[in-house]
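> The structure's right below; bear with me while I get my questions together.
A short reminder: the numbers here are calculations on the coordinates, not readings from a lab. All values reported here derive from a predicted model rather than from experimental measurement. Cβ coordinates were reconstructed from backbone atoms using ideal geometry, including for glycine residues, and neighbour counts include every protein chain displayed.
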Amino acid sequence: MSHGNNNLKEELLRISGVNPKKCMRCGKCSATCPAYDEMEYHPHQFVVMVEEGNIEPLLNSDSLYKCLTCFACVERCPRGVEPAKLVEAVRLVATRRQGANHLKPDDVPGKLDEDLPQQAIVSAFRKYTK
Amino acid sequence: MQRIGVFVCWCGSNIAGTVDVQAVSEALKLEPGVVFSTNYQYMCSQAGQQIIKDAIKEHKLTGIVVCSCSPRMHEATFRKTAAAAGLNPYMVEIANIREQCSWVHKDVPTGTEKAIILGKAAVAKVNLNAPLTPGESPVTKRALVIGGGIAGIQTALDIADAGFPVDIVEKKPTIGGKMAQLDKTFPTLDCAACILTPKMVDVAQNEKIRIFSYSEVEEVKGFVGNFDVKIKKKARYVNEDVCTGCGACTEKCPQKKVPNEFNLGMDNRRAIYIPFAQAVPKVATIDPNYCTMLKTGKCGVCSKVCTAGAIDYKQQDQIIEEKYGAIVVATGFNPISMDKFEEYAYSQSKDVITSLEFERLTNAAGPTAGKLLRPSDLEHPHTIVFVQCVGSRCENCAEKGKEYCSKICCMYTAKHAMLVRDKYPDTEVYVFYIDVRTPGKNFDEFYRRAVEEYGVHYIKGMVGKVTPEGNKLKVQASDLIMNKQVHIDADLVVLAAAIEPDKSARPLATMLTASMDTNDFFTEAHPKLRPVESPTAGVFLSGACQGPKDIPETVSQAGAAASKVIGLLAKDKLTGNPCIASPNEQMCNGCSSCERVCPYGAITYVDKEFRMPDRTTLMRRVAQVNPAVCQGCGACTVACPSGAMDLRGFASAQIIAEVDAICK
Amino acid sequence: MKVSYFPGCTLKTKAKDLDLYARKSAEVLGITLEEIENWQCCGGVFTTAKDEVATKLSSVRVLKAAKDKDQALVTVCSACHNVVKQTNSAMQNDKEFADKVNRYMGEDGGYDGSTEVYHFLELIRDVVGFDKVKEKVVNPLNGEKIAAYYGCLLLRPGKVMQMDDPENPTIIEDLIRALGGEPVIYNQRNECCGGYVVMEDPALAESKSKKITSNARSFGAERMVTACPLCKYNLEKNGSDLPVVYFTELLAQALGVKEECK
Amino acid sequence: MQVNEKKPLIVAFCCNWCSYAGADLAGNNRLAYPADVKIIRVPCSCRVNPMFILRAFQRGADGVIICGCHPGDCHYTSGNYFTRRRMAMLFSMLDYLGIEKERTRVEWVSAAEGAKFAATMNDFAEKVAALGENKRLEDLRCKR
């Protein structure tokens, strides 16, 4: 059953290089995810929903910005599905839309403290901005 | 000139769906030598075979081509058909137009075109076939069983029961295998020892059975009916015939800190030991890695306490040579190492254990005398988490885990969970599963009882991380039904480790030239129709060495393997394979090239007298092939510089005719 | 031995210690770190998107600079190491990506992924050897209980990083042992501290960091070491009651060159 | 690139114990590969005389592939080792004669590797097709 947006799905699979069909629905990605409780959609749901083409809810979800990119799900997935890459692809598709930058330069000064390494700012821009 | 008949099979729609069988039989009718060509729905059926028999008689056929499924499937069938009609069975060739044509190609024109070409190649080959008569070889009426677990035990008992002598080679000091380590068995909850140990005693007492324990197969030569095997009996430094198994030595040995492998290292044994009370043979063994006497020459306590005088520090490995007619592989399995699954903290906490370790923890003869206590502090655990599929069903099999389902874990985990709840109702038991697989008699009922009657919490989802903290194991897992991440503070975590073939299986397979799959399970001669035979004649498979199996399946396969062995040993003579090498003595110049490449030593040289054109005679050295030893690989035919050596049934001229037919 | 060295931007500002201690210790261990000229920021994150090329170019230039000198490339910061190593692996294994990159590289010439990338820890383990480090120790750590914090970037994805067993690493523990300390093995040492979301979601970062420090403390750690400025900041900011230092500081301390760095 | 419409002609020699069974398994699993591949069954890959391969090229074959058991797994213990050495020699000679390296191949396919068999044949057929027709050794006298 594939009822969703197939163009978008193809794009996500191309960007991420992930094959969601390999997933056997064991949930280990979500079991291992340190940001699980913050997420509306969990890593295993990203895999299933992308496979079904049910992608809009993901694009509009805050879950995209809760993923820590820690790769625990990639490391521990028994089927080599690499959910984090899929999350990243969805996030990119979202931020690449015009005016959809998640982090605005004007927001940055308010978030700084004296000790914050600039690495945090650089990576936040890389992750949340296009 | 041959008179060839061509028989094209439809195989229902299997072939006829993609190949125009009528066109094939018509096209092949035009080939040289073909005098008759037809097609029929099922050539292998009685009616189909009758068509072949009738045609052989009616058209005085000297050779036939059957265009059908793989020769691996029905070559033997059609050879018998030919023989029944008075035609030499080796005048039959099969064109494989099913597995290698209709099943792999999609459209009819392509399939038909290829089927015709394959048929032409077969016709070209038959044109050059010659009748062959197989030689005969005697059968040594003794069987070898490699592995002394429940599979090997059952096979040996069944063979011995039919009156044939059997030897069991077991690398451990005792037979019994994994089953001896189990506590209860699913789904009946029989005590494993209560049903296994009587069988072990039967083996020990059976006059037809010899046990070579603490021994390994070193070398296998020969072929079906005539295997020559070298068995290495490792030095156990105890005279088996004298030792009474009293155990005095094992109590007095001062070296107490040897990890006890029978209890998976959860307690210690002495350097001289009897693995468990019901061991067969019940004799002591000295572990040379720990024995002070063997390492430093100082101690000798066991020798002093042994009233039978059985200790022999000078004992050497011994090689036993024996002939066998049949070999049964029953090398079994092991749980995989948990090294690559450190997210479960196996090496970081004593309270994370494998299921086999759990068996020992609940076994009355185990390290805790059957009381369920956690290994770290010997406290009673109140919360236990079972994790299924650890290392099973993994994608990248080489690095981490196995691709297959280990089959037995769902059921033994249900058993463990149920037994815990039964004995210790104050304990909460969680089982994390991906799927619960219960396809066996009374299996699903058993699993449901665990849930419904015993209140085991089954949660669909995997455990992602186990973190030891304080005296708790923090388990982080997902509950896919609730769409929640769950956190459980557990006292004990039990990992259902995947199982894999024993490591000794791979070198053994090489010795036996028996094939293995990519997971090192032995492959069977046919996955459905010959499940207990290996593709190598005379080698049979029993138990988990062929694939994951539970005890009832293992026992039934063991019996089946035994019946195949009995069928073989009941024969006085075996008909050999007539497709063997044969030299043209006129062309042979005795150069020994063929002898050097023959893996079987089947080629020898004789001096033979030849008549020359000028009526003189000349003595020449020429090759001779021993038909009972040659297996027909053909290595010699290519090595022969003068082209004197040829292979019957696969002659150079025949293969070239096939090449020509294909390349037209 | 001379190697190319990529410090990365944070090591020039907030994490000067990490850099200085590394350079001094390297000298003692017989390694010269030659800083790459005109290096640029690695980008902070390796995006796994196959169509992101431009963001990875600065790393490719660094790799190429090392290659031009025929030297191995060494990094100290976990984040830089992760980005550079993943980029290098993509250059080796993803031909389509490599072709695109090399078209961008223009007159700089192409790069084939052949530079060897070491984290400073790997250099110590594989080139120097922990035995040799042990010989050079003048101020042993006297059995101090030290918890190594790996975080995610050093180890994952394990297939690419290939530094150590991603679930049960030993490299920092082995270093601690060589320096005379007693490593504390705790299970959260390879879990994420939430560093990347420290601006986005400080609360999440805090809860992750607390989990790690509390786990380390429960195993009796007296100090924590890390290789990542972001992890250090995050653990400290979120109230770790254990001091957090860079592994290079530990190294410099044991090798007796810590004071020279001040 | 390929303009030649003629289908390539590929002869595959498969040992009876591993690769032929692997091909059967590919069939059982319905794993498609081009019909250009025609299999000749031999008891062991070591039965393949270099002469057979030359003959195939003479007769207009565009590619020849020899499949046997994996090294160490030969049903006859050591046959595939002979194959490996013999074919290395033959292929380098063929290369010298101008038969491109891609037209010849030795591949180990076990009885369990139906998927590998199909994948190998697809890959080999594709590479051979890309090279176009093989005229180098073709003996026109053999043409009908």
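> Under 12 Å from the Cα of B:Lys208, which aspartates and glutamates turn up, not counting those fewer than eight places away in the same chain?
Within the straight-line cut-off, B:Lys208 pairs with B:Asp158, B:Asp161, B:Asp167.
> To continue, here is another question. Could you pull out the trypsin sites (Lys or Arg not before Pro) across the stretch B:245-275 that fall in loop regions by DSSP (anything but H, G, I, E, B) with no more than 12 other Cβ atoms inside 10 Å?
Working: sites: B:Lys252, B:Lys256, B:Lys257, B:Arg269, B:Arg270; in loops: B:Lys256, B:Lys257, B:Arg270.
Filter output for the stretch B:245-275: B:Lys256, B:Lys257.
> Now for a separate question. With a cut-off of 8 Å between alpha carbons and a minimum separation of six or more residues, what is the relative contact order of chain D in percent?
Details: 255 pairs, mean separation 53.3, N = 144.
Worked out over chain D, it gives 37 percent.
> Among the lysines, which fall within straight-line cross-link reach of B:Lys57, defined as a Cα-Cα distance under 24 Å, with same-chain neighbours fewer than 8 residues apart omitted?
Cα-Cα hits under 24 Å: B:Lys29, B:Lys80, B:Lys120, B:Lys125.
> Between the alpha-carbon centers of the stretch C:123-148 and the stretch D:4-31, tell me the distance in whole angstrom.
58 Å
> Sticking with the crude label model, points 7 Å out along Cα→Cβ, report the distance from C:Lys2 to B:Lys57 in nm, one decimal please.
9.5 nm
> What shape does chain B take by its C-alpha gyration tensor, where a ≥ b ≥ c are the square roots of the eigenvalues and a/c under 1.5 counts as rounded, a/b above b/c as prolate, and the rest as oblate? Don't jump to the answer; show the numbers that get you there.
Values: a/c = 2.73, a/b = 1.58, b/c = 1.73.
Note, shape of chain B comes out oblate.
> Roughly speaking, what is the centre-to-centre gap between the stretch D:119-139 and the stretch C:74-90 when only Cα atoms are used, to the nearest Å?
Using only Cα atoms, the two centres lie 42 Å from each other.
> If we sort B:385-394, D:52-61, D:15-24, B:195-204 on the protection proxy, mean other Cβ atoms within 10 Å, highest first, what's the order? List each step's numbers first, then the result.
Working: B:385-394: 25.1, D:52-61: 21.8, D:15-24: 28.2, B:195-204: 18.0.
Output ranking for B:385-394, D:52-61, D:15-24, B:195-204: D:15-24, B:385-394, D:52-61, B:195-204.
> Just to be sure I understand: of the beta bridges DSSP finds with both ends in the protein assembly as shown, what percent are antiparallel, rounded to 5?
40 percent
> Also, I was wondering about something else. Have a look at the DSSP beta bridges in chain B and tell me what percent are antiparallel, nearest 5. Don't skip to the answer; put the middle values down first.
Details: 56 of 104 bridges.
Rounded to the nearest five, the antiparallel share is 55 percent.
> Within the set of other residues whose C-beta is less than 12 Å from the C-beta of C:Gln86, count the net charge using Lys and Arg as +1 and Asp and Glu as -1. Could you put the intermediate results ahead of the total?
Values: positive: A:Lys85, C:Lys56, C:Lys85, C:Arg156, C:Lys159; negative: C:Glu52, C:Asp94.
Residues close to C:Gln86 contribute a combined charge of +3.
> While we're looking at this one, here's another question. Filter A:Lys66/A:Lys127; B:Lys474/C:Lys211; B:Lys178/B:Lys256; A:Lys66/A:Lys111 down to the pairs with a C-alpha to C-alpha distance above 19 Å, please.
Beyond 19 Å between Cα atoms: B:Lys178/B:Lys256.
> Give me the inter-chain shielding for D:28-36: mean count of other chain Cβ atoms within 10 Å, whole number please. Numbers along the way, then the final one.
On the way: counts 6, 3, 5, 2, 4, 3, 4, 14, 2.
Mean shielding count: 5.
> For A:Arg96, put the label point 7 Å out on the Cα→Cβ axis and report which residues of the stretch C:69-91 keep their amide N under 20 Å from it.
Backbone N within reach: C:87, C:90-91.
> Compute the FRET efficiency between C:Lys237 and D:Leu131 as 1/(1 + (r/R0)^6), taking r as their Cβ-Cβ distance and R0 = 56 Å, and round to the nearest 0.05.
Details: r = 64 Å, r/R0 = 1.14.
Step by step, r from the Cβ atoms, then E = 0.30.
> On to the next question. Run the helix sum for chain C: -39,500 (n - 2.57) per DSSP H stretch of 4+ residues, divided by residue count, reported at 222 nm to the nearest 500 deg cm²/dmol. Let's see the in-between values first.
Working: 11 runs with 110 residues, N = 262.
The helix contribution divided over chain C gives -12500 deg cm²/dmol.
> Take a quick pass over the stretch D:10-142 and tell me how many lysine pairs come in under 18 angstrom between Cα atoms, counting only ones 8 or more apart or on separate chains. Walk me through the numbers on the way to the answer.
Working: D:Lys38/D:Lys116; D:Lys38/D:Lys127; D:Lys101/D:Lys127; D:Lys101/D:Lys135; D:Lys116/D:Lys127; D:Lys127/D:Lys135.
Here the count comes out as 6.
> What distance in nm separates the two pseudo spin-label positions at B:Lys230 and D:Glu102, each 7 Å out from Cα along the beta-carbon direction?
So the two model labels end up 4.9 nm from each other.
> If you don't mind, another one. Among D:Met121, D:Met87, D:Met51, determine the one that fluctuates most according to a GNM of chain D built with springs between C-alpha atoms less than 10 Å apart.
For chain D, modelled as a Gaussian network with Cα springs under 10 Å, the answer is D:Met51.
> Could you grab the relative contact order for the stretch B:581-648? Cα pairs under 8 Å, six or more apart, rounded to a whole percent. If you can, show how the numbers build up before the last one.
Working: 122 pairs, mean separation 32.1, N = 68.
47 percent.
> How much length is gained on full extension from B:Ser337 to B:Gln316, taking 0.36 nm per residue of separation minus their Cα-Cα distance?
On the way: separation 21, 0.36 × 21 = 7.56 nm, distance 3.22 nm.
Gain in length upon complete extension: 4.3 nm.
> Taking a virtual spin label 7 Å from the Cα of A:Arg14 along the C-beta vector, which residues in the stretch C:81-114 bring their backbone nitrogen under 18 Å of it?
C:95-101
> Remind me, relative contact order of chain B in percent, using alpha carbon pairs under 8 angstrom and six or more residues apart?
Relative contact order of chain B: 13 percent.
> Hey, got a sec? Which trypsin sites (Lys or Arg not before Pro) in the stretch B:575-654 land in a DSSP loop and have at most 12 other Cβ atoms within 10 Å?
Values: sites: B:Arg596, B:Lys608, B:Arg611, B:Arg615, B:Arg620, B:Arg621, B:Arg648; in loops: B:Arg615, B:Arg648.
Counting only loop positions with at most 12 other Cβ atoms within 10 Å, the trypsin sites (Lys or Arg not before Pro) in the stretch B:575-654 are B:Arg615.
> Ordered by packing density, taken as the mean number of other Cβ atoms within 10 Å over each peptide's residues, highest first, how do B:180-188, D:96-104 rank? Write out the running numbers ahead of the final one.
On the way: B:180-188: 20.9, D:96-104: 15.0.
For the peptides B:180-188, D:96-104, the packing ranking is B:180-188, D:96-104.
> Sticking with this one: Return the whole-Å distance between the Cα centroid of the stretch A:1-71 and the Cα centroid of the stretch B:327-376.
Value for the Cα centre distance between the two parts: 36 Å.
> How much FRET efficiency would the formula 1/(1 + (r/R0)^6) give for A:Asn6 and B:Ser642, where r is the Cβ-Cβ distance and R0 is 51 Å, rounded to 0.05?
Working: r = 66 Å, r/R0 = 1.30.
Using R0 = 51 Å, I get an efficiency of 0.15.
> Would you mind getting me the FRET efficiency between A:Lys130 and B:Lys441? Use the beta-carbon distance for r and R0 = 60 Å, nearest 0.05.
Details: r = 60 Å, r/R0 = 1.00.
So, using R0 = 60 Å, E works out to roughly 0.50.
> Which of these, A:Met49, A:Met24, A:Met39, has the largest mean-square fluctuation under a Gaussian network model of chain A (Cα springs below 10 Å)?
Per the Cα network of chain A with a 10 Å cutoff, A:Met24 tops the list.
> Would you look at the GNM of chain A, springs on alpha carbons closer than 10 Å, and say which of A:Gly99, A:Gly80, A:Gly17 moves the most?
It is A:Gly99.
> Between B:Lys350 and B:Ala364, what is the label-point separation in nm under the 7 Å Cα-to-beta-carbon projection?
Using points 7 Å along Cα→Cβ, the separation is 2.6 nm.
> For peptide B:262-269, compute the average count of partner chain beta-carbon atoms within 10 Å of each residue's beta-carbon.
On the way: counts 0, 0, 0, 0, 0, 0, 0, 0.
Per-residue shielding by partner chains comes out at 0.
> Please give the length that would be gained between B:Val606 and B:His526 if that part of the chain were fully extended, namely 0.36 nm times their separation in residues minus their C-alpha to C-alpha distance (nm, one decimal).
Details: separation 80, 0.36 × 80 = 28.80 nm, distance 4.11 nm.
So the chain would gain 24.7 nm between B:Val606 and B:His526.
> Averaged across the residues of D:55-62, what count of C-beta atoms belonging to other chains lies within 10 Å of each residue's C-beta?
Details: counts 6, 6, 2, 3, 7, 2, 3, 1.
Mean number of neighbouring Cβ atoms from other chains: 4.
> Tell me, in nm to one decimal, what length is gained between B:Thr617 and B:Gln586 on full extension, where the rule is 0.36 nm per residue of separation less the Cα-Cα distance? Walk me through the numbers on the way to the answer.
On the way: separation 31, 0.36 × 31 = 11.16 nm, distance 1.32 nm.
Here the segment from B:Thr617 to B:Gln586 would lengthen by 9.8 nm.
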